[in-house]
Amino acid sequence: MKFVILILFLIAYSIGAEEKFNSIYTDISKDCKYEKEDNIPEGSDAPLNCNGPSGYTIITSYSACMEFMKIISKDGKEALELPSQPIGSAEKRKVEWRILNKKPVGIIYRISVLKETPNENCPQQKTGKETLEVRGLGKYSEFKESIPSDKKGNEKAREVLETFVKK
């Protein structure tokens with residue numbers, strides 16, 4: 001009899017239990033590979049490709065001074081572009097994928113705040129400040145927010161994304 005009560009309790013609990021968010025990380029310096037030179041047009045730099053959860057791909061391409069990160073869905077219908085950054089910025093970063101019900105619902109990515117410079121070849125440089133870029137994925141793709149990168153920045157970034165998703 002106790003066993004039946006325990007089973008009924010567990011079933012009731014699991015039905016009423018709220019799904020929890022968790023995170024998966026893509027470490028740009030460890031989890032990504034440059035595209036093979038055979039596929040690159042002459043005079044172009046090889047893009048850096050990373051596999052993310054649920055078939056998402058992170059592609060980082062380069063110009064003379066800047067790198068451009070894009071996150072593309074498996075079917076190619078969703079393309080999320082993050083703010084450009086000076087060359088070498090992505091190598092030290094991670095993309096935090098926020099997961100709910102085993103599916104990515106958003107990302108959190110740290111970027112440097114840039115300022116204009118008089119150098120016409122490379123007109124922007126880092127200020128030393130950073131923000132956390134929070135973006136929704138899939139049906140939450142309209143969500144976009146920048147959070148100051150302070151001691152509570154990561155917690156705040158997760159909180160604002162989760163609040164949006166739970167609406």
Out of Lys92, Lys166, Lys102, report the one residue that is touching a helix residue (DSSP H, G or I) at 6+ places or on another chain (Cβ under 9 Å) and within 28 Å of Glu19 (Cβ to Cβ).
Lys102
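Does Leu132 count as touching a residue at least 24 places away in the same chain (Cβ under 8 Å) and either under 28 Å from Met66 (Cα atoms) or among the small types (Gly, Ala, Ser) (or both)? Break it down into steps so the answer makes sense when it comes.
On the way: touching a residue at least 24 places away in the same chain (Cβ under 8 Å): yes; either under 28 Å from Met66 (Cα atoms) or among the small types (Gly, Ala, Ser) (or both): yes.
Answer is yes for this residue.
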Residue by residue through region 89-106, note down the ones that are part of a strand (DSSP E or B) and not hydrophobic (A, V, I, L, M, F, W, C).
Lys94, Glu96, Arg98, Lys103, Pro104, Gly106
Given the structure, is Gly128 assigned to a strand (DSSP E or B) and over 14 Å from the mean Cα position of the chain (by Cα)?
yes
Conditions (1) farther than 20 Å from Asp27 by Cβ; (2) crowded, with 16+ Cβ neighbours inside 10 Å: number failed by Val113:
(2)
List the residue pairs whose Cβ atoms are under 6 Å apart, where the first residue sits in region 145-167 and is touching a residue at least 40 places away in the same chain (Cβ under 8 Å), the second is small (Gly, Ala, Ser), and the two are 6 or more positions apart or on different chains.
Leu161/Gly106
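Restricting region 105-141 to residues that are charged (D, E, K, R) and touching a Ser or Thr at 6+ places or on another chain (Cβ under 7 Å), which is farthest from Lys152 (Cα to Cα)? Even if it seems obvious, please write down each step before you answer.
Pass one, region 105-141, residues charged (D, E, K, R): 110, 115-116, 120, 126, 129-130, 133, 135, 139.
Of the ones still in play, those that are also touching a Ser or Thr at 6+ places or on another chain (Cβ under 7 Å) are 110, 115, 126, 130, 133.
Numbers: Arg110: 13, Lys115: 24, Lys126: 22, Glu130: 13, Glu133: 14 Å.
Only one residue fits best here, namely Lys115.
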Residues satisfying the stated conditions in region 109-118, i.e. touching a strand residue (DSSP E or B) at 6+ places or on another chain (Cβ under 8 Å) and either in contact (Cβ under 8 Å) with a residue 60 or more places away in the chain or part of a loop (DSSP other than H, G, I, E, B) (or both)
Thr117
Of the residues in region 50-71, how many are over 11 Å from the mean Cα position of the chain (by Cα), hydrophobic (A, V, I, L, M, F, W, C) and part of a strand (DSSP E or B)?
4
Residue tally, condition surrounded by 15 or more Cβ atoms within 10 Å (Cβ to Cβ) and within 18 Å of Lys33 (Cα to Cα), over region 58-72:
10
Of those in region 88-108 that are touching a residue at least 60 places away in the same chain (Cβ under 8 Å) and out of contact with any strand residue (DSSP E or B) (no Cβ under 7 Å at 6 or more places or on another chain), the residue nearest to Pro47 (Cα to Cα) is Glu91
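Would it be correct to say that Lys77 is assigned to a loop (DSSP other than H, G, I, E, B), over 23 Å from Tyr62 (Cβ atoms), out of contact with any Gly (no Cβ under 8 Å at 6 or more places or on another chain) and of a type outside the set (A, V, I, L, M, F, W, C)?
Taking the combined requirement at face value, the residue satisfies it.
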What's the number of the condition Lys92 fails, among (1) at pLDDT 95 or above; (2) surrounded by fewer than 14 Cβ atoms within 10 Å (Cβ to Cβ)?
(1)
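The values are calculated or read from the model by the stated rules, or taken from the named source; none is laboratory data. The model shown is predicted, which means the values in this text are computed figures rather than measured ones. When we count neighbours, we look across all protein chains shown, and the Cβ atoms used for this are built from the backbone with ideal geometry, even at glycine.
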